[in-house]
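Since the structure comes first, as structure tokens, the remarks are kept for the end.
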Amino acid sequence: MTSTILRTDFEKSVAAYWNTNRDDPVNLRLGEVDDLYHHHYGIGPYDPSILDGPADTREQRIIAELHRLESAQADLLLDHLGPIGPEQLILDGGSGRGGTSIMAHQRFGCEVDGVSISEYQVGFANEQAARRGIADKVRFHFRNMLETQLPGNTRQAIWTNETTMYVDLFDLFAEFARLLRFGGRYVCITGCANDVTGLRSKAVSRINEHYTCDIHPRSQYFKALAANGLVPINVVDLTAATIPYWELRARSEVATGIEEPFLTAYRENSFHYLLIAADRI
């Protein structure tokens, strides 16, 4: 079964990266704040007062604030999904450890499916749903989001949160268009390269290397959406809003060294952080 889900050497390398990076303190320590585990970054200004006060609890305050910013990012994404009723089905493409899927169920009361090519992430996320007693409503599957095996024309909303840089966008949006009902909504938050300068940026190349990914130019998103009957209704540039998260993370004990390439790429305008919401026609 694994061979049919992981179809290329690149997909196998991506799965291996996330299967073996189980103890990444960025994801785990932030998730321990309230037991919601994310695999994305944050938005919004941080509270500078957390840097004051007793030194022995400073790091704890920073971790809690970083987690608040990443949950704010997930909330913003959910804000753009449109009206979702408890009887409807939604999909998390590249669901990670499941934090946003759980938040979506808590907000809308609907059933959520998540798909990931990391068997470890799928197991972790299903355990989280079981612990909350919502495993019958929030389910995670070891599947490829380019070929989900889910029935077509069944989803009111689909989202991807920092996962599109691992796949071909035309193939991905074709699958999402198959799954979405007429008028359904797709939302992504993603980092993308500036078409003018980003593909030559050393900082963007460093991000690609660090995460074993292939960052797409901004234009590719809109070409692939249009080719698959997905019409943008909202595009929000979150670049300035995400910089404080990276500035704070660079000052924390969970810094990994990738913070400076992100800050450089954003500040030099070679890399953009976008939210795109599009409707299926």
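Couple of notes before you dig in:
- Amide H partners (placed H, <5 Å) of residue 114, local residues excluded: 92, 139, 140, 141
- Beta bridge orientation in the stretch 93-236: antiparallel %, DSSP, nearest 5: 5 percent
- Peptides 46-58, 74-86 ranked from most to least packed, by the mean per-residue count of other Cβ atoms within 10 Å: 74-86, 46-58.
- Long-range HN-HN contacts of residue 97 with modeled amide H, under 5 Å: 39
- Of the peptides 8-20, 137-149, the ranking by mean beta-carbon count within 10 Å, highest at the top, reads 137-149, 8-20.
- Applying 1/(1 + (r/R0)^6) with R0 = 35 Å to the Cβ-Cβ distance of residue 269 and residue 23 gives a FRET efficiency near 0.50.
- Rel. contact order, % - alpha carbon contacts under 8 angstrom, at least six apart, the stretch 1-110: 26 percent
- Once the chain from residue 256 to residue 87 is taken as fully extended at 0.36 nm per residue, the excess over their C-alpha distance is 56.7 nm.
- With contacts taken as Cα pairs under 8 Å and at least 6 residues apart, the chain reaches a relative contact order of 20 percent.
- Here the Karplus relation 6.51 cos²θ - 1.76 cosθ + 1.60, evaluated at θ = phi - 60°, turns the backbone of the stretch 157-171 into coupling constants of 8, 9, 9, 10, 10, 6, 10, 6, 6, 9, 9, 6, 5, 5, 5 Hz, with x for every Gly and Pro.
- Each residue of the stretch 57-65 is assigned a 3J(HN,Hα), and the resulting list reads 10, 4, 5, 4, 5, 5, 4, 4, 6 Hz, derived from the Karplus form 6.51 cos²θ - 1.76 cosθ + 1.60 (θ = phi - 60°), x at Gly and Pro.
- Within-11-Å neighbourhood charge of residue 37 [Cβ basis; K, R +1; D, E -1]: -4
- The stretch 168-204: chymotrypsin sites (Phe, Trp or Tyr not before Pro) falling in loop per DSSP and having at most 13 other Cβ within 10 Å: none
- Loop-located GluC sites (Glu not before Pro) in the stretch 74-140 (DSSP state other than H, G, I, E, B) with a sparse environment of at most 13 neighbouring Cβ atoms within 10 Å: 87.
- Extension gain, residue 233 to residue 10, is 77.1 nm, computed as 0.36 nm per intervening residue step minus the present C-alpha separation.
- Computed in the context of the full set of protein chains, the accessible area of the chain at 1.4 Å probe radius has 52% of its extent on carbon or sulfur.
- Proximal charge balance of residue 145 [Cβ under 10 Å; K/R count +1, D/E count -1]: -3
- Coupling constants for the stretch 206-219 follow from the phi torsions by the Karplus curve (6.51 cos²θ - 1.76 cosθ + 1.60, θ = phi - 60°), and in residue order they are 5, 5, 4, 5, 5, 9, 6, 10, 9, 5, 8, x, 4, 4 Hz; glycine and proline get x.
The values are calculated or read from the model by the stated rules, or taken from the named source; none is laboratory data. As the structure is a computational prediction, the values presented were derived from the model and not from experiment. Glycine gets a Cβ as well: all are built from the backbone with ideal geometry, and neighbour counts include every protein chain shown. The area values use the complete protein model at the heavy-atom level, side chains included, leaving out ligands, DNA and RNA. Shrake-Rupley method; radii C 1.70, N 1.55, O 1.52, S 1.80 Å.
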